[in-house]
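Okay, structure first, notes after.
The values are calculated or read from the model by the stated rules, or taken from the named source; none is laboratory data. Bear in mind the structure is a predicted one, so any value in this text is a computation, not a measurement. Ideal geometry is used to build each Cβ from the backbone, glycine not excepted, and the neighbour counts take in all protein chains shown.
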Amino acid sequence: MRKLISQFAGVGLVGLVGLVIDVGLFNVLRATALNPDLVAHGALWATLVSTSVAIVFNWLGNRYWTFRRERRAHWWREGLEFALVSVGGLLIALGCVWFSEQVLDLHSLVSDNIAKNVVGLVLGTIFRFTFYRAWVFRPSRPESPALSLPEPAVRSDASIVE
C-alpha cells in the first residue's frame with residue numbers, strides 16, 4: 001500500500017508540473033497563434049500541441065523518477081506504450097473540448113479551460129494512472145521476446161561484442 005501511495009504521489013507531482021506546462025502553453029497558443037478567431041478549431045489544435053509537449057515531459061518524469069525502479073531495459077517499447085496511453089488521455093481531453101464547443105456551443109477561453117483542464121484532466125488522469133501502473137510500468141510483466149531489441153553481448157572485459 002505504501003508503494004501505491006508513493007507512486008500515486010509521484011505521478012501526481014510529475015503530472016502537476018506537466019499540467020503547468022500544458023495549461024500555460026494551451027492558454028498562450030489559444031490566445032495567440034491558435035486563437036479560434038483566427039484559426040478554425042484553434043482550441044482543439046492548442047490542446048493537441050500543449051498536451052503533446054506535456055506528454056514528453058511526463059514520460060521522462062515518470063520513467064526517471066516515479067517508476068525508476070520499475071522501468072524496463074527496453075526504453076523504446078516503454079516509450080511507445082507510454083505514448084499510446086498518453087494519446088488515450090489526449091483523446092479524452094480533445095473529446096471534452098469538442099463536446100464543449102460543438103454540442104454545448106461554448107467557445108470562450110473559460111469554457112475551453114474547464115472542458116480541457118478540469119473535466120478532461122480528471123477523466124484523463126484516471127485513465128492514464130490506471131494504464132501506466134497496470135501496463136506500462138508494471139514490474140511483474142514479462143518482456144515479449146518478439147518485441148524486444150537484441151541486447152549487445154558483453155565480454156568479461158566489459159567491451160561490447162558486435
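Mind checking which helices (runs of 4 or more DSSP H) fall wholly inside region 1-111 and carry at least 3 residues that are without any contact (Cβ under 8 Å) to a residue 12 or more places away in the chain and of a type outside the set (Lys, Arg)?
Details: elements: 2-31, 42-61, 75-98.
In region 1-111, the matching helices (runs of 4 or more DSSP H) lie at 2-31, 75-98.
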Next on the checklist: Which count do you get for residues in region 97-111 that are within 22 Å of the chain's Cα centre (by Cα) and more than 18 Å from residue 34 (Cα to Cα)?
Outcome noted: 1
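Being of a type in the set (A, V, I, L, M, F, W, C) and within 13 Å of the chain's Cα centre (by Cα) is the filter here; which residues of region 21-51 pass it? Outline the logic, then answer.
In the first step, residues of region 21-51 are kept if they are of a type in the set (A, V, I, L, M, F, W, C); the result is 21, 23, 25-26, 28-29, 31, 33-34, 38-40, 43-46, 48-49.
Hits for region 21-51 are 21, 48, 49.
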Checklist outcome for this item: Within region 65-85, residues surrounded by 16 or more Cβ atoms within 10 Å (Cβ to Cβ) and over 13 Å from the mean Cα position of the chain (by Cα) come out as 66, 67, 70, 71, 72, 74, 77
Checklist outcome for this item: With criteria (1) buried (at least 16 other Cβ atoms within 10 Å of the Cβ); (2) modelled with pLDDT of 85 or more; (3) of a type in the set (Asp, Glu), residue 37 comes up short on (1)
Checklist outcome for this item: Within region 48-64, the residues that are under 14 Å from residue 97 (Cβ atoms) and either surrounded by fewer than 15 Cβ atoms within 10 Å (Cβ to Cβ) or in contact with an Asp or Glu (Cβ under 8 Å, 6 or more places away or on another chain) (or both) are 50, 51
Item to check | Residue among 120, 88, 124 that is within 12 Å of the chain's Cα centre (by Cα), among the small types (Gly, Ala, Ser) and crowded, with 16+ Cβ neighbours inside 10 Å | outcome: 124
Next on the checklist: Out of the residues in region 127-162 meeting the condition of being among the aliphatic types (A, V, I, L, M) and either assigned to a loop (DSSP other than H, G, I, E, B) or modelled with pLDDT under 55 (or both), tell me which one is nearest to the chain's Cα centre (by Cα).
Outcome noted: 147
